[in-house]
């Protein structure tokens with residue numbers, strides 16, 4: 001089995017080492033000093049007291065790697081959009097593409113039995129770029145729960161967790177899904193199938209869409225946001241708006257709002273990924289976490305005053321700091337076209 005990790009950052013690097021340990025033929029697409037270190041010294045994973053080093057093909061040019069059985073996209077949403085054309089050399093007739101990103105995925109409406117079936121979300125896929133180049137029929141949805149970080153080029157530190165959710169957009173339990181889960185399990189990762197992966201996407205997104213931007217705006221850690229009455233109330237109202245949108249399109253929630261917030265509070269003094277990105281001057285992943293939810297609210301004819309307000313503040317903060325990656329206006333204006341088979 002050949003698997004390419006496209007975006008060998010903290011999560012992608014962790015997955016690559018674990019898959020390699022499980023016997024998979026793994027390759028990496030990376031860039032910069034991180035790529036150079038991997039090419040020279042292999043990819044190092046620190047897990048507790050254990051230090052694992054695996055060597056595997058790594059490049060910034062996917063043409064060097066050829067067609068794969070699976071491509072796991074471990075980029076942020078805006079990076080994945082930018083990279084769609086570069087992925088084409090990796091895609092054979094039956095290649096599956098696994099979207100291992102936070103937020104609302106660009107393929108969300110693919111195959112849904114609704115009046116908006118196959119609707120294209122312009123906030124995460126302006127101009128339908130990924131829909132037309134990659135194709136939603138290739139997609140396996142994923143939710144990512146481990147916490148990892150790059151502590152220096154070529155070195156990934158595992159903090160906690162090994163669970164991944166998997167599911168087909170059409171809710172089937174396909175052979176390609178079973179094979180991917182077996183490969184992840186063989187490497188020591190824990191997979192769970194979901195009848196509808198969208199439900200698990202919402203459970204994770206539910207917290208990210210409020211805690212991330214609130215933390216980026218205030219500098220507060222997760223325990224503070226989830227317990228201080230003002231920010232807890234704001235987060236709760238954003239989550240209620242999001243739940244109404246999700247349920248309008250058929251999603252279900254296995255926990256209630258209060259339990260989800262209490263779970264976040266229990267994590268402790270955690271600095272969210274968006275706050276870390278702001279502190280380090282890196283572009284923030286706002287559109288997939290919040291703008292797409294706002295767009296879905298408009299489609300569902302559901303008012304989102306709390307989401308709208310926090311999104312506007314976070315966008316302005318990020319623009320002032322030069323941390324808000326924007327899509328070309330020409331791409332945003334492109335009308336939706338029918339998907340084409342790859």
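Taking the criterion of being farther than 20 Å from residue 84 by Cα and in a strand (DSSP E or B), would at least one residue in region 54-70 satisfy it? Within region 54-70, one or more residues are farther than 20 Å from residue 84 by Cα and in a strand (DSSP E or B). Of everything in region 267-304 that is free of Cβ contacts under 8 Å to residues at least 12 places away in the same chain and in a helix (DSSP H, G or I), the residue that is surrounded by the most Cβ atoms within 10 Å (Cβ to Cβ) is 276. So is residue 156 surrounded by fewer than 19 Cβ atoms within 10 Å (Cβ to Cβ) and either at pLDDT 95 or above or not assigned by TED's automatic domain parsing to the domain that holds residue 109 (or both) or not? No: the conditions fail for residue 156. Scanning region 37-51 for residues that are out of contact with any strand residue (DSSP E or B) (no Cβ under 9 Å at 6 or more places or on another chain) and under 20 Å from residue 65 (Cα atoms) turns up just one, 40. Within region 57-72, residues that are assigned by TED's automatic domain parsing to the domain that holds residue 29 sit with their Cβ atoms under 8 Å from residues that are surrounded by 21 or more Cβ atoms within 10 Å (Cβ to Cβ) and assigned to a loop (DSSP other than H, G, I, E, B), at 6+ positions apart or across chains, in these pairs: 58/8; 58/30; 59/30; 60/30; 72/100. Reported count of residues in region 162-175, each being under 16 Å from the mean Cα position of the chain (by Cα) and either surrounded by fewer than 18 Cβ atoms within 10 Å (Cβ to Cβ) or in a loop (DSSP other than H, G, I, E, B) (or both), is 4. Residues in region 19-32 that are touching a strand residue (DSSP E or B) at 6+ places or on another chain (Cβ under 8 Å) and more than 12 Å from residue 70 (Cβ to Cβ): 20, 21, 28, 29, 30. When residue 85 is tested against (1) touching a helix residue (DSSP H, G or I) at 6+ places or on another chain (Cβ under 9 Å); (2) under 30 Å from residue 298 (Cα atoms); (3) surrounded by 14 or more Cβ atoms within 10 Å (Cβ to Cβ), only condition (3) is not met. Pairing each residue of region 29-41 that is outside the structural domain of residue 79 (by TED's automatic domain parsing) and in contact (Cβ under 8 Å) with a residue 24 or more places away in the chain with any residue that is surrounded by 13 or more Cβ atoms within 10 Å (Cβ to Cβ) and in a helix (DSSP H, G or I), provided the two are 6+ apart or on different chains, yields no C-beta distance under 8 Å.
One line per residue, one yes/no per condition, for (1) touching a helix residue (DSSP H, G or I) at 6+ places or on another chain (Cβ under 6 Å); (2) modelled with pLDDT under 95:
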residue	(1), (2)
48	no, yes
63	yes, no
117	no, yes
134	no, no
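The values are calculated or read from the model by the stated rules, or taken from the named source; none is laboratory data. In this text, all values refer to a predicted model and were calculated from it rather than measured experimentally. With ideal geometry, Cβ positions are generated from the backbone for all residues, glycine too; neighbour counts draw on all protein chains shown.
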